[in-house]
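Just below is one structure, and these are the notes that go with it.
The values are calculated or read from the model by the stated rules, or taken from the named source; none is laboratory data. Remember, it's a predicted structure, so these values are computed and weren't measured experimentally. Heads up, the Cβs are rebuilt from the backbone with ideal geometry, glycines too, and the neighbour counts pull from every protein chain shown.
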Amino acid sequence: MIVDSVLTNAKAYLKGQIVDCSIAIEEGKIHKIGKETQMPQADEKTDLHNLLVLPGLIDEHVHLRDEGRAYKEDFASGTAAAAAGGFTTVLDMPNNDPVTMSAERLRNRMQLAQRRLLVNVGFYSEFPKTLPEIKEIVSEGAVGFKLFMGNQTGGVNVDDDLALKEALKAAAEQKVPVAVHAEDRAMLGANEEKLKKAQKTAPADYLRAHTEAVELKAVQRVLKLVEGMGVRLHFCHISTKDGLAAIAEAKKTQTVTCEVTPNHLMLSSEELQRYGSLVIMAPPLRDRLQVDALWRSLEDGSVDTLGSDHAPHTLEEKMASSVWDVKAGIPGLEVTLPLMLTMVRKRRLSLNQVVSLLAEKPAQIYGLTGRGSIEADKTADITIIDYNQQFIIEAVKFKTKAKFSPYNGWEVNGKVAKTIVNGTVVFDDGEIIAKGGVGGIVRGGTK
């Protein structure tokens with residue numbers, strides 16, 4: 001037979017080892033892995049010259065915006081940023097305009113996206129206003145539900161334990177994950193009100209509102225609510241030692257996983273003095289003691305995934321005079337992989353850990369069968385890296401609309417050379433070379 005393409009002279013990550021091999025691709029799937037002499041004839045052959053070949057990376061925490069917030073990011077620019085960062089699948093958060101919190105809104109969002117996607121995208125939903133809608137949303141294809149505990153975003157009252165418990169139980173019955181933004185709304189609101197009354201509006205005051213206790217209280221609350229329920233909880237962007245400890249304890253008896261972001265690993269609250277409101281995010285950057293605790297948990301395997309929390313805004317929204325008017329978050333899709341590969345170079349992480357955190361574990365947690373590893377018959381989602389190439393991060397060259405970053409000017413290792421999505425090269429040597437529609441919609445349940 002003649003296959004679509006063959007990649008030769010690859011150094012591919014296969015089941016925990018780097019293997020010299022060739023990879024045949026046919027109809028969007030990995031057809032065969034082996035020596036070049038074992039490869040079938042192909043319409044196209046690409047010599048990778050010993051570049052590092054990883055499973056297509058998965059970012060389970062991305063804000064693609066679009067709809068009412070398309071001025072910050074849209075499906076085309078967001079998935080271009082994903083491809084440029086080596087991500088072949090991303091999961092889109094629901095705090096959009098309008099909020100994704102019904103089957104109808106989810107369906108509309110998918111229809112708007114499908115012809116514009118350069119990588120695969122799965123969609124979260126917020127919890128809806130009524131319990132029966134949860135099943136409808138899952139049937140429509142949501143990959144999971146997002147629970148924002150720090151503010152009232154979705155249809156369920158986050159201050160009502162009984163309502164939350166019923167929603168979480170319904171999600172457990174549908175066997176979909178619940179991703180949790182763990183900040184306690186009551187404590188956070190009281191802190192903010194006190195600071196605003198005292199006319200405290202500096203970036204440092206944001207940390208005084210979003211304290212470590214705000215995170216811990218929310219973590220403990222939701223863990224208690226789901227006891228004995230069997231719900232699959234995934235805590236997003238955990239930023240504190242005590243939060244991690246509570247989750248580690250819960251893992252002994254519950255199905256609980258957690259994520260950290262590169263931002264909370266690579267930056268600390270000291271950066272507020274240098275960058276000010278640019279690095280305002282939720283949860284906020286923490287002090288060095290907390291950063292060190294995150295690294296220890298990453299190194300010992302307590303942390304399950306890395307999520308970029310890609311949160312594009314306009315520069316004007318980041319530079320408001322009062323910190324309470326600043327939009328939280330920074331773009332992350334195009335810096336996550338090189339930052340982590342630089343840490344591999346510095347021996348803070350292993351390549352095996354990076355693949356686990358950014359491909360294998362996200363695929364397992366969200367049931368993305370056919371993705372997360374390079375194997376015959378799996379989807380041909382492939383990230384190709386020039387591991388030895390050093391380069392300077394230049395935010396002005398980002399594919400995202402948010403062309404700013406605290407990492408601007410950093411020298412990093414490991415440049416994305418090519419990104420292959422469903423068997424098609426989307427990103428090659430710094431440029432997007434495919435058209436929208438190459439990426440597909442990843443649906444919960446069917447994947």
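Here are a few things to note about the model shown:
- Within segment 423-434, one or more residues are of a type in the set (Val, Ile, Thr), under 14 Å from Gly86 (Cβ atoms) and under 20 Å from the mean Cα position of the chain (by Cα).
Residues checked against (1) crowded, with 18+ Cβ neighbours inside 10 Å; (2) assigned by TED's automatic domain parsing to the domain that holds Lys11; (3) part of a strand (DSSP E or B); (4) touching a helix residue (DSSP H, G or I) at 6+ places or on another chain (Cβ under 9 Å):
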position: Phe404; (1), (2), (3), (4): yes, yes, no, yes
position: Gly414; (1), (2), (3), (4): yes, yes, yes, yes
position: Lys418; (1), (2), (3), (4): yes, yes, yes, no
position: Val426; (1), (2), (3), (4): yes, yes, yes, yes
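Condition check ((1) surrounded by 24 or more Cβ atoms within 10 Å (Cβ to Cβ); (2) in contact with a Gly (Cβ under 7 Å, 6 or more places away or on another chain)) across all residues:
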| residue | (1), (2) |
| --- | --- |
| Asp242 | no, no |
| Pro262 | no, yes |
| Arg286 | no, no |
| Val291 | no, no |
| Leu298 | no, no |
| Glu317 | no, no |
| Ile330 | yes, no |
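- Residue within segment 411-425 that is within 30 Å of Val231 (Cβ to Cβ) and touching a residue at least 60 places away in the same chain (Cβ under 8 Å) present: no
- Verdict on Arg116 being surrounded by fewer than 24 Cβ atoms within 10 Å (Cβ to Cβ), modelled with pLDDT of 95 or more and assigned to a loop (DSSP other than H, G, I, E, B): yes
- Qualifying positions in segment 272-298 - in a helix (DSSP H, G or I), in contact with a helix residue (DSSP H, G or I) (Cβ under 8 Å, 6 or more places away or on another chain) and not small (Gly, Ala, Ser): Leu272, Leu278, Val279, Leu289, Gln290, Val291, Leu294, Trp295, Leu298
Quick grid of which residues meet (1) surrounded by fewer than 18 Cβ atoms within 10 Å (Cβ to Cβ); (2) among the hydroxyl-bearing types (Ser, Thr, Tyr):
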{"position": "Val279", "(1), (2)": "no, no"}
{"position": "Ser322", "(1), (2)": "yes, yes"}
{"position": "Leu337", "(1), (2)": "no, no"}
{"position": "Met340", "(1), (2)": "no, no"}
{"position": "Val344", "(1), (2)": "yes, no"}
{"position": "Val355", "(1), (2)": "no, no"}
{"position": "Gln390", "(1), (2)": "yes, no"}
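- Matching residues, segment 203-228, being touching a residue at least 60 places away in the same chain (Cβ under 8 Å) and part of a helix (DSSP H, G or I): Pro203, Ala204, Asp205, Tyr206, Leu207, Glu212, Val214, Glu215, Ala218, Arg221, Val222, Leu225
- Residues being among the charged types (D, E, K, R) and in a helix (DSSP H, G or I) - total across segment 342-398: 4
- Scanning segment 1-31 for residues that are among the hydroxyl-bearing types (Ser, Thr, Tyr), crowded, with 20+ Cβ neighbours inside 10 Å and either on the phi > 0 side of the Ramachandran plot or in contact (Cβ under 8 Å) with a residue 40 or more places away in the chain (or both) yields one hit, Tyr13.
- Only one of the listed residues (Glu270, Glu299) is within 20 Å of Asn408 (Cβ to Cβ), assigned by TED's automatic domain parsing to the domain that holds Gly85 and among the acidic types (Asp, Glu). That residue is Glu270.
- Qualifying residue in segment 245-268 (condition: assigned to a helix (DSSP H, G or I), of a type outside the set (S, T, N, Q) and within 25 Å of Thr201 (Cα to Cα)): yes
- Qualifying residue in segment 32-55 (condition: in contact with a Gly (Cβ under 7 Å, 6 or more places away or on another chain) and in contact (Cβ under 8 Å) with a residue 12 or more places away in the chain): yes
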